[in-house]
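Here's the structure we're looking at; comments come further down.
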Amino acid sequence: MFKISLRNNRIFNCSSEDNLVEGAKKSGVILEHSCLIGRCSSCKVKVQSGQSFSTSKELGLTSEEIENGYILSCVRSPLTDMVLDTEDLSEYNIPSSRVIPAKIQDIQIIGEEIIKVVLRIPPTQSFKFLNGQYVNIIKGSIKRSYSIANTNADDHSLEFFIKNYIGGEMSQYWFNKAKKNDLLRIEGPKGTFFRRNQNVNNLIFLATGTGIAPVKSIMENLKQTSNLKYNIYLFWGNRYNQDFFWDPKETDIPVKFFPVLSRDKSAMVNNGYVQDILLKQDLDLSKSAVYACGSEKMIKEAEFKLVKRGLPEENFFSDAFVISN
Ligand code: FES
C-alpha cells in the first residue's frame, strides 16, 4: 500500500493493483472523474511528487500536459507514495451508483436529430443524484452514458436530451424503435460534474449541443439557492439557430445568455466557438468558476485558453462527450 496525499491534508492508501480513483473510493475518498477510461480528462491531476504507471493509454492528455507532470488518475496506479494536487469530493455526499429499472414516460422530437426522453422510476424506488451528474442507460446488452437534464427535486423522473449518432447502435434504438413504456435499466448516478461550494463572483457555463443537459440541471437548481450571489453567464454553442431547443430564461434566474453559432455565418449573433466568445467579454476570470460540457475539443481548448487568461486551474470543471458508437 502506498500513501497518497491530496490538498487539505487528505490522505488515503492505494495499492498498485488499483487505479487512483478506485483506491481512493475504497478509502471513502472521491476524486474527480467521469468516463473512467482515460478519455474525458475529468480526472486529470498534477503530480507533485511520486511515481505511478499507466494501466491503459491516457488519451485525454496532451503532450504538454504529460511533460508538465499531469496524469489521468482513472488509469494510473501508484509505484511509490504520491502527492497529488487535487481535492477529496466526499464532503458532497455523492449518492452511490446502483442499477434500477426505468420506463419511458415520454419521448419527443425537439430538434433536428435530437429527442427529449423522460424516464420514470418505479414508485417503490427513488433515485438520488447531484445536479449535473450522468447515468448509463442500458437497453439489452447496449449501455450508453447520458447526462440528466432535470434537477433532483423530483426523484422519480429523469429527463435526457439525446442526439442521433448516425449508425450508432443505441441511436438506432432511440430514433427508430423506442416508444412509451419501454422497459430499460439505469445505472448511476455517475461522475463528479456538479457545482462546488466556492467563493467566486462569476459562475460561467459553457456547453455545446446536448452538453447543455447537465448545465440546465445545475442552473435550474440555482433557482432554489437563496441569495444568489453570483453573476451567471451561459455560452451555448450550436451549429444553427434552430438547434437551440431549450430557452435558459425558463430557469427564472438572472443569467446572461450568449447563444453561439458555429456554422450560421449569416445570423446577427455570436459566431465562432463558445470559449472565444467568452474571452471577448473580458470577465475577471481570477474570480470565476467555469463548468463546461460538450465536445472534447471545446473542453481542451477552453481550459487551455481560460487558464492562460487567469482562471485558476482548480476552478475549471468539465464533462467531455466520449462517443462510443
Ligand atoms: S479520463 Fe479519467 S475519468 Fe475520464
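The values are calculated or read from the model by the stated rules, or taken from the named source; none is laboratory data. If you're wondering where the values come from, they're calculated on a predicted model, not measured in any experiment. Quick reminder, even Gly has a Cβ in these numbers, built from the backbone with ideal geometry, and neighbours come from all protein chains shown. To get the accessible areas, we keep the full protein, side chains included, count just its heavy atoms, and leave off ligands, DNA and RNA. Shrake-Rupley method; radii C 1.70, N 1.55, O 1.52, S 1.80 Å.
Side notes on the structure shown:
- The strands (runs of 3 or more DSSP E) found entirely in the range 231-318 that carry 3 or more residues being touching a Ser or Thr at 6+ places or on another chain (Cβ under 9 Å) are 231-238, 288-294.
- Annotation note: of ARG76, ARG39, the sole residue that is near the ligand (Cβ under 10 Å from one of its atoms) and without any contact (Cβ under 8 Å) to a residue 60 or more places away in the chain is ARG76.
- In the condition set (1) surrounded by 17 or more Cβ atoms within 10 Å (Cβ to Cβ); (2) among the basic types (Lys, Arg); (3) in contact with a Ser or Thr (Cβ under 8 Å, 6 or more places away or on another chain), ARG39 is compliant with all but (3).
- Set VAL29, VAL83, VAL47, VAL21: member being open to solvent by less than 60 Å² (accessible area, probe 1.4 Å) and more than 22 Å from SER318 (Cβ to Cβ): VAL83
- Residues of the range 116-146 classified as touching a residue at least 24 places away in the same chain (Cβ under 8 Å), open to solvent by 50 Å² or more (accessible area, probe 1.4 Å) and more than 18 Å from ASN164 (Cα to Cα), total: 4
- Filter pass, LEU222 being in the same structural domain as LYS287 (by TED's automatic domain parsing) and free of Cβ contacts under 8 Å to residues at least 40 places away in the same chain: yes
- Any hit, the range 176-197, residues being under 13 Å from the mean Cα position of the chain (by Cα) and assigned to a strand (DSSP E or B): yes
- Among residues of the range 53-69 being among the aliphatic types (A, V, I, L, M) and open to solvent by 60 Å² or more (accessible area, probe 1.4 Å), the one that is nearest to LEU79 (Cα to Cα) is ILE66.
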